[in-house]
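Below is one structure, written out as structure tokens, with a few remarks after it.
What follows is calculated from the coordinates using simple rules that are stated; it is not laboratory data. All values derive from a computational prediction rather than experimental measurement. Cβ placement follows ideal geometry from the backbone for every residue including glycine, while neighbour counts extend to all protein chains displayed.
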Amino acid sequence: MSDNKKITLTIDGKTIQAESGQSIMNACDAQGIYIPRLCDSTGLVPQGSCRVCSVKVNGRVVAACTQPAEDGANIEHESDEIQGYRKDLVRMLFHEGNHLCPICEASGRCELQAMAYRFGISQATTYPYLQPVRPVDASHPDIALDNNRCILCGRCIRASRDVDGKNVFEYVGRGIHKRIGVNGDCLADTNADLNDYAMSLEVCPVGCIIRKGEGFFSPVGERQYDSDKIGSNIENHTAHSSLGKLIKVHQIDPNDAIHDDIDQSNVNEDKS
Ligand code: SF4
Ligand code: SF4
Ligand code: FES
């Protein structure tokens with residue numbers, strides 16, 4: 001927590017001011033410097049698990065979301081070494097889960113996919129694809145949980161526990177078998193509700209928590225990251241708002257009819 005005492009630090013040779021007690025990430029956000037992140041989300045307690053926000057402070061690699069900014073710190077953020085670590089972590093997430101972007105409901109608003117684009121990752125790497133067999137829990141009338149796309153960021157756990165006061169989600173298993181479980185035999189056995197913050201578009205960064213009946217609501221070209229790369233809201237000095245609030249929702253009729261609230265000028269008339 002910030003105590004309003006001003007401190008000075010250097011990031012990639014640039015001197016910035018911060019408040020004592022701020023995390024490095026929050027200090028950089030305030031200066032329009034975007035540090036990549038996946039497990040961190042505005043309004044949730046930082047967890048420091050994905051390490052995509054890695055920076056080097058006085059020669060030591062730390063997580064910017066949990067590391068307090070200290071007076072006189074010398075921070076490496078965009079060096080080849082640090083960017084290489086971040087890229088590798090993102091690459092490994094693709095190889096560790098089952099990610100088929102073209103058929104994923106979250107495509108275009110997914111933070112993992114957007115991070116890959118930001119890092120210029122477009123090809124498979126030499127890492128093996130683990131192709132795990134993971135459950136899909138579609139038992140709840142309004143919500144589905146597709147573990148194939150889960151990146152174990154824990155944002156749903158913290159949102160349910162700290163914001164909703166419910167504890168719907170939890171980590172289960174260990175090591176390579178670790179996954180997100182629910183507080184019951186299946187989602188339908190829990191007190192999960194579509195109106196929970198944990199089920200909102202702000203929380204799950206990928207297409208794991210799915211709101212039934214609301215999929216594919218933005219046409220290609222109008223999805224959140226089609227034109228704005230991830231982090232541009234911070235780099236453009238706009239408020240560090242919840243990413244989900246930037247999403248334009250165009251509900252697609254299940255019978256392929258187009259609702260009146262869609263701007264018809266954006267609809268491709270060629271239906272062939
Ligand atoms: S969750 Fe993201 S990365 Fe995974 S398949 Fe969906 S769009 Fe692609
Ligand atoms: S379900 Fe979504 S929010 Fe929860 S851990 Fe997996 S990716 Fe993160
Ligand atoms: S955003 Fe800092 S460790 Fe995930």
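Descriptive notes on the structure:
- P(r) for segment 85-238, from all Cα pairs and a bin width of 5 Å, is 2, 9, 17, 21, 20, 16, 10, 4, 0 %, short bins first.
- Relative to the dominant Cα principal axis of the chain, helix 80-96 is inclined by about 20°.
- Once the mean of 1/r is taken over each pair of separate Cα atoms and inverted, segment 38-78 shows a Kirkwood hydrodynamic radius of 10.8 Å.
- Computed from point charges on the beta carbon alone (+1 for Lys and Arg, -1 for Asp and Glu), the dipole magnitude for segment 8-78 about its Cα centre is near 200 Debye.
- Between Arg118, Arg91, Arg158, the Gaussian network model of the chain with springs among Cα atoms under 10 angstrom shows the greatest mean-square fluctuation at Arg118.
- Start at zero, step by 5 Å, and the Cα-Cα distances of the chain spread as 1, 5, 11, 15, 17, 16, 14, 10, 6, 3, 1, 0, 0 percent across the bins.
- Taking a ≥ b ≥ c as the square roots of the eigenvalues of the Cα gyration tensor, segment 95-178 is classed as prolate, since a/c reaches at least 1.5 and a/b is larger than b/c.
- Extended-chain gain in nm, criterion 0.36 nm per residue less alpha-carbon gap, Lys229 and Thr8: 76.7 nm
- With q set to 0.14, 0.21 Å⁻¹, the log10 of I(q)/I(0) for segment 1-132, from the Debye formula over equal scatterers at the Cα positions, is -0.67, -1.23.
- When the listed pairs Lys56/Lys87; Lys178/Lys229; Lys6/Lys56; Lys14/Lys56 are checked against a 23 Å cut-off, the alpha-carbon distance exceeds it for Lys178/Lys229.
- Segment 107-137 versus segment 56-83: alpha-carbon centroid distance in Å: 26
- Residue exposure proxy: Thr190, Thr8, ordered by other Cβ atoms within 10 angstrom of their Cβ from fewest to most, comes out as Thr8, Thr190.
- Gain in span if fully extended, Leu100 to Asn183, counting 0.36 nm per residue against the direct Cα distance: 27.1 nm
- Estimated FRET transfer efficiency (Asn74, Tyr117; beta-carbon r; R0 30 Å; 0.05): 0.50
- Val45 versus Met92: modelled label distance in nm, points set 7 Å from Cα along the beta carbon direction: 2.5
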